[in-house]
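Only one structure is covered here, and it is reproduced in the block below.
The values are calculated or read from the model by the stated rules, or taken from the named source; none is laboratory data. Not measured: the values here are computed from a predicted model. Cβ placement follows ideal geometry from the backbone for every residue including glycine, while neighbour counts extend to all protein chains displayed.
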Amino acid sequence: MRGVLLGFAAGVWCLQQQAVLPGWGFFALCALSCGACGCFRWRRVALIVAAFAFGFAYAALRAEVRLQDQLPLAYEGRTIEVAGFVRGLPSIDAHGTRFLFEVESNDARLRNFPRIVRLSWLVVEGEAPPPELWAGQRWSLGVRLKRAHGNANFGARDAEAALLARNIRATGYVTRAHRLPRDVIGIALAIDRLRAHLRDRIEGVLGDAAHRGIVVALAVGAQDSVSDSDWTLMRATGTSHLVAISGLHIGFVAGLAALSIGFAWRRLRWRGTLLPLYVSAQKVAAAGAAAFAAFYAGLAGFNVPAQRSLWMLGFVAIAWVTGRRMASSLVLAWALALVLLADPWALTAAGFWLSFCAVAAILYAMAAYGRRASKRPDDGEEAFTFEYETQQRAGEALAAARRGPRPLPFWRRFVYRLRRTIASSTRVQYAVTIALAPLTVYWFSQIPLIGPLANAVAIPWVSLLVTPVVLAGVLLPAPLDAFAYRLAHHLLTIMCDALTWLAGPAWALWRLPQPGAFALIAAAVGVAWALAPRGWPLRFAAPLTWLPLLLPAPHAPPPGAFRLTALDIGQGSSIVVETARHALLFDAGPGPESTHAGERIVVPYLFADGLPAIDTLVISHSDSDHAGGATAVLQAIDVGQLLASLPPQDALWQAANERGAETLRCAAGQRWTWDGVEFAILWPDPKPLEGKPNAQSCVLKVTSAAGRSALLAADIESDVERTLLKRDAKALRADVLLVPHHGSKTSSTEPFLDSVEPLVAVFQVGYRNRFHHPHPTVLERYRLRAIELSQSDNDGAVRVDVSSTITLERYRQTHARYWMGR
């Protein structure tokens, strides 16, 4: 049965790797394979192959049905009147309210209109703020929508897959609204309203407390309230799993419920007869634990770890009630299959892999230890037997026969149990640490070296103290709940202070580039090898399989060549230039005032690419879509030099100095060489900055040893282009052009393009951006010159390797998935 369930899961995973949805030919081939296996009496193999085919077909069918709901391209950006109701937990901040909306009708009378859309109700100056929203509330809204689209970058999480998993098929904002009568009611909506009420109550009690967001996350699973500083601390110490209502918390709550219900049931009577005589306390406790776990998982929003834990607890409860026993590995396999049956896209999220692999590693390690321990007497039994036999030999046979063996003293039993508990916890922590290390590197490009120690402190602290207190606050009425929430926050403050101290040393966090498939497979083999029972052949050699993960082969360009990566950050600019031993970041994208691209995209990409430090950060000018993310980069990345065209009073100069970076004004004539690659600043002039920021933009030319070059033109416009042409038109010649000002009609003049003569032109633009970049006229100028074009809104990030030749890689082509562009 395990093979069949794992075969189903493998089929679902295989479907999610496809660039296009399959046709009927694949299913016919699978049917023939199953038939052939059956003919040769390979029934077990036939069942696994059939399960794989079923999983693949099931996931394909679910995908086909879900993708039918889509917004026609012609209706993007148009105002559409939709009627429906609010779903989920609305998120409120200073900019407005973000919420999910289930559409019941639309005035465009479109069939297959997206059923779930994500909307923003923005705060507009001079107008009333958005009203309070709650789940089930019905509205008629005028909305402007666009298809579900996410940034697509190398080494980054697929945002479009996350939207598809939540069935969000369009996003947009509210332009007008009208409240409708008769709210929608239902169990799921009632749970969402309860979650919103609890969140508002906690925020009202704690106000602006530093760790308020963690209390909210532990109570209702809403992680958007967790502060950036808390997230940074949790990731650095490997304790971010504690912020969510995970399987650990649900298991603890279920255990606490089982103890409480069992204790009460054993003491209750019905007509003078104890209730355990009708139904055993164990069965009632198991059923009650499963019910309470389901309630707590509902508060978590039924995330993947909560689902996994809930299914496993459900199977254990059924086994208890029916008097049967199921192997732990079979329970985990059933939970895996049922999670994917409910949500085939769950395995595109990091939480899925971390949750299931952690439990699998614990079960595997404990089974290996159990097989090892069964071959020798237990230490406690040896001690007891030795003392008993000593008493017998001491001539007290008669007294011993009357009294029986003298029990061990209390303190020895306590020490023995404590030792057993510590040993068991150490084995679990060891198994989880090495099992999740490859996944942590893949998803987050880091290994917290202090993670085992931090978790040894944080897991019991949160599980035994914080979570029960938060749960007490959820169950208690006001004003008693306020005491519980304040106590929980005080306990979290103590824990976070301890974690901050642990995370202090620079060596506490090991940054590694995102591994490839070979390194991951080799590391997985090494994990299974290391956790195998003692006596397994060459077990000491298991760490050798981790070398591709921990000591990755260099992937930098060869000397004399360079690699240019234009990131997909929406409407803005950020380009990474790498040589053999150096790296430069040209602009950092938008910051907190917009999409937080600096911390969401730029910094994670640098870590995933193996660049925890860069030699030079160039900020072309002060516009927020170029400079907004620079603060996040300076805080997270070691920057050797800030080279910028910014006013003297700009805060970035001070931020760079505080981080130990050298600061220098960007000016024409500056040149340097890295690894045989020449860098030259062509604009602006060294004189004091004047005019609008676009006219002050740094223009950087990068030239390989073979003479191939790239021109990064930032946001210069036609007047600067003319000045550069008069000064030295030949200096502008380049094979790769980062299109000036995102393809605005005020730039990319025909004389400029004739002088540059690019072979490749890259437009960094946002999907359906409000500036309508690139301008159709400008785009046509490039097309008429037979220039190979790339747009970030269509291609995602683009990577250009420049040596004696030019190689272009578009992310959405090389990493295509069936949901892209749908």
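Select from the range 604-643 the residues that are charged (D, E, K, R) and more than 22 Å from N694 (Cβ to Cβ) and write down the one among them that is surrounded by the fewest Cβ atoms within 10 Å (Cβ to Cβ). Spell out the reasoning first.
Going residue by residue through the range 604-643, those that are charged (D, E, K, R) are 609, 615, 623, 625, 638.
Cutting the leftovers down to more than 22 Å from N694 (Cβ to Cβ) gives us 609, 615, 638.
Details: D609: 20, D615: 17, D638: 14.
Restricting to residues being charged (D, E, K, R) and more than 22 Å from N694 (Cβ to Cβ), the top hit is D638.
Condition (residue is hydroxyl-bearing (S, T, Y), crowded, with 16+ Cβ neighbours inside 10 Å and modelled with pLDDT under 80) applied to the range 408-419: is it met by at least one residue?
Looking through the range 408-419, at least one residue is hydroxyl-bearing (S, T, Y), crowded, with 16+ Cβ neighbours inside 10 Å and modelled with pLDDT under 80.
Which residue, of P513, P543, is outside any strand (DSSP E or B) and over 30 Å from L712 (Cβ atoms)?
Working: P513 fails: over 30 Å from L712 (Cβ atoms).
It is P543.
Please count how many residues of the range 644-673 are among the small types (G, A, S) and either closer than 14 Å to L617 by Cβ or surrounded by 22 or more Cβ atoms within 10 Å (Cβ to Cβ) (or both). Can you show your working first?
Going through the range 644-673, the residues among the small types (G, A, S) turn out to be 644-645, 651, 655-656, 660-661, 667-669.
Going one step further and asking which of them are either closer than 14 Å to L617 by Cβ or surrounded by 22 or more Cβ atoms within 10 Å (Cβ to Cβ) (or both), we end up with 644-645, 655-656, 660-661.
Number of matching residues: 6.
For the range 585-603, which positions are at positive phi and either buried (at least 20 other Cβ atoms within 10 Å of the Cβ) or at pLDDT 95 or above (or both)? Steps first, please.
Keep residues of the range 585-603 that are at positive phi, which gives 587, 589, 596.
Scanning the range 585-603 gives D587, G589.
Would you tally the residues in the range 756-782 being in contact with a helix residue (DSSP H, G or I) (Cβ under 6 Å, 6 or more places away or on another chain) and of a type in the set (A, V, I, L, M, F, W, C)?
Residues flagged as in contact with a helix residue (DSSP H, G or I) (Cβ under 6 Å, 6 or more places away or on another chain) and of a type in the set (A, V, I, L, M, F, W, C) within the range 756-782 amount to 5.
Scan the range 269-288 and tell me whether some residue there is of a type in the set (G, A, S) and within 24 Å of F356 (Cα to Cα). Lay out the reasoning, then the answer.
The first filter runs over the range 269-288 and keeps only residues of a type in the set (G, A, S), leaving 272, 280-281, 285-288.
Keeping just the survivors that are within 24 Å of F356 (Cα to Cα) gives 286-287.
Yes, there is a match, as at least one residue in the range 269-288 is of a type in the set (G, A, S) and within 24 Å of F356 (Cα to Cα).
Please state which of the following conditions F315 fails to meet, knowing it meets all the rest: (1) buried (at least 16 other Cβ atoms within 10 Å of the Cβ); (2) modelled with pLDDT of 80 or more.
Only one criterion is unmet by F315, namely (2).
Given (1) crowded, with 18+ Cβ neighbours inside 10 Å; (2) within 21 Å of the chain's Cα centre (by Cα); (3) of a type in the set (D, E); (4) at pLDDT below 90, where does D192 come up short, assuming only one miss?
In the conditions (1) crowded, with 18+ Cβ neighbours inside 10 Å; (2) within 21 Å of the chain's Cα centre (by Cα); (3) of a type in the set (D, E); (4) at pLDDT below 90, D192 misses (2) alone.
Take the range 442-490 and flag every residue that is among the aromatic types (F, W, Y) and over 30 Å from L509 (Cβ atoms). Lay out the reasoning, then the answer.
Going through the range 442-490, the residues among the aromatic types (F, W, Y) turn out to be 442-444, 461, 483, 485.
If the condition is that a residue be among the aromatic types (F, W, Y) and over 30 Å from L509 (Cβ atoms), then F483, Y485 are the ones that fit.
Going through G570, G560 one at a time, which residue ends up being touching a residue at least 60 places away in the same chain (Cβ under 8 Å), in a loop (DSSP other than H, G, I, E, B) and buried (at least 19 other Cβ atoms within 10 Å of the Cβ)?
Numbers: G560 fails: buried (at least 19 other Cβ atoms within 10 Å of the Cβ).
Result of the check over G570, G560: G570.
Quick test for you: out of H741, H775, pick the one residue that is assigned by TED's automatic domain parsing to the domain that holds I575, in contact with a Lys or Arg (Cβ under 8 Å, 6 or more places away or on another chain) and closer than 26 Å to P590 by Cβ. Explain how you work it out, then say what you get.
Working: H741 fails: in contact with a Lys or Arg (Cβ under 8 Å, 6 or more places away or on another chain).
Matching residue, one of H741, H775: H775.
When you scan the range 468-506, how many residues do you find that are more than 20 Å from I191 (Cα to Cα), without any contact (Cβ under 8 Å) to a residue 24 or more places away in the chain and buried (at least 16 other Cβ atoms within 10 Å of the Cβ)?
Within the range 468-506, residues that are more than 20 Å from I191 (Cα to Cα), without any contact (Cβ under 8 Å) to a residue 24 or more places away in the chain and buried (at least 16 other Cβ atoms within 10 Å of the Cβ) number 3.
What's the number of the only condition in (1) assigned to a strand (DSSP E or B); (2) β-branched (V, I, T); (3) more than 24 Å from the chain's Cα centre (by Cα) that V466 fails to meet?
For V466, the exception is condition (1).
So how many residues does the range 582-610 have that are touching a residue at least 40 places away in the same chain (Cβ under 8 Å), closer than 23 Å to T673 by Cβ and not acidic (D, E)?
5
With respect to the numbered conditions (1) touching a residue at least 60 places away in the same chain (Cβ under 8 Å); (2) assigned to a strand (DSSP E or B); (3) closer than 15 Å to I716 by Cα; (4) not charged (D, E, K, R), which one is the sole condition not fulfilled by L737?
(1)
State all residues of the range 269-326 that are free of Cβ contacts under 8 Å to residues at least 40 places away in the same chain and of a type in the set (F, W, Y); if no residue qualifies, say none.
If the condition is that a residue be free of Cβ contacts under 8 Å to residues at least 40 places away in the same chain and of a type in the set (F, W, Y), then W270, Y278, F292, F295, F302, W311, F315, W320 are the ones that fit.
Looking only at the range 694-703, decide whether some residue is touching a residue at least 24 places away in the same chain (Cβ under 8 Å) and in a loop (DSSP other than H, G, I, E, B). Break it down into steps so the answer makes sense when it comes.
So in the range 694-703, the residues touching a residue at least 24 places away in the same chain (Cβ under 8 Å) come out as 694-703.
From the residues that got through so far, the ones that are in a loop (DSSP other than H, G, I, E, B) too are 697-698.
Yes, the conditions are met somewhere in the range 694-703.
What is the residue count in the range 522-539 for residues that are surrounded by 13 or more Cβ atoms within 10 Å (Cβ to Cβ) and farther than 14 Å from A361 by Cβ?
Within the range 522-539, residues that are surrounded by 13 or more Cβ atoms within 10 Å (Cβ to Cβ) and farther than 14 Å from A361 by Cβ number 4.
Whether any residue in the range 459-466 is in contact with a strand residue (DSSP E or B) (Cβ under 7 Å, 6 or more places away or on another chain) and either more than 13 Å from S240 (Cα to Cα) or surrounded by fewer than 20 Cβ atoms within 10 Å (Cβ to Cβ) (or both) is what I want to check. So that I can check it myself, show each step before the final result.
Going through the range 459-466, the residues in contact with a strand residue (DSSP E or B) (Cβ under 7 Å, 6 or more places away or on another chain) turn out to be none.
No, there is no match, as no residue in the range 459-466 is in contact with a strand residue (DSSP E or B) (Cβ under 7 Å, 6 or more places away or on another chain) and either more than 13 Å from S240 (Cα to Cα) or surrounded by fewer than 20 Cβ atoms within 10 Å (Cβ to Cβ) (or both).
Is it the case that the range 714-727 has a residue that's within 30 Å of the chain's Cα centre (by Cα) and not small (G, A, S)? Steps first, answer last, please.
Restricting attention to the range 714-727, the residues satisfying the condition of being within 30 Å of the chain's Cα centre (by Cα) are none.
So far as the range 714-727 goes, no, none of its residues is within 30 Å of the chain's Cα centre (by Cα) and not small (G, A, S).
Answer yes if at least one residue in the range 644-651 is modelled with pLDDT under 95, among the acidic types (D, E) and farther than 22 Å from W683 by Cα, and no otherwise.
No: the range 644-651 contains no residue that is modelled with pLDDT under 95, among the acidic types (D, E) and farther than 22 Å from W683 by Cα.
Of the numbered conditions (1) touching a strand residue (DSSP E or B) at 6+ places or on another chain (Cβ under 9 Å); (2) surrounded by fewer than 17 Cβ atoms within 10 Å (Cβ to Cβ), G301 satisfies every one except a single condition; which is it?
Of (1) touching a strand residue (DSSP E or B) at 6+ places or on another chain (Cβ under 9 Å); (2) surrounded by fewer than 17 Cβ atoms within 10 Å (Cβ to Cβ), only one is false for G301: (2).
Among the residues that make up the range 111-132, is at least one of them among the small types (G, A, S), within 16 Å of R147 (Cα to Cα) and more than 29 Å from the chain's Cα centre (by Cα)? Please lay out each step first, then the result.
Quick first cut of the range 111-132, residues among the small types (G, A, S) only: 120, 126, 128.
Pick out the ones that are also within 16 Å of R147 (Cα to Cα) and you get 120.
Still in the list and also more than 29 Å from the chain's Cα centre (by Cα): none.
Within the range 111-132 (the criterion being among the small types (G, A, S), within 16 Å of R147 (Cα to Cα) and more than 29 Å from the chain's Cα centre (by Cα)), the answer is no, since none of the residues qualifies.
Can you find, within the range 291-341, the residue that is farthest from V279 (Cα to Cα) among those that are aromatic (F, W, Y) and assigned to a helix (DSSP H, G or I)?
Let us first name the residues in the range 291-341 that are aromatic (F, W, Y), namely 292, 295-296, 302, 311, 315, 320, 334.
Keeping just the survivors that are assigned to a helix (DSSP H, G or I) gives 292, 295-296, 311, 315, 320, 334.
On the way: F292: 19, F295: 23, Y296: 25, W311: 23, F315: 19, W320: 12, W334: 27 Å.
That would be W334.
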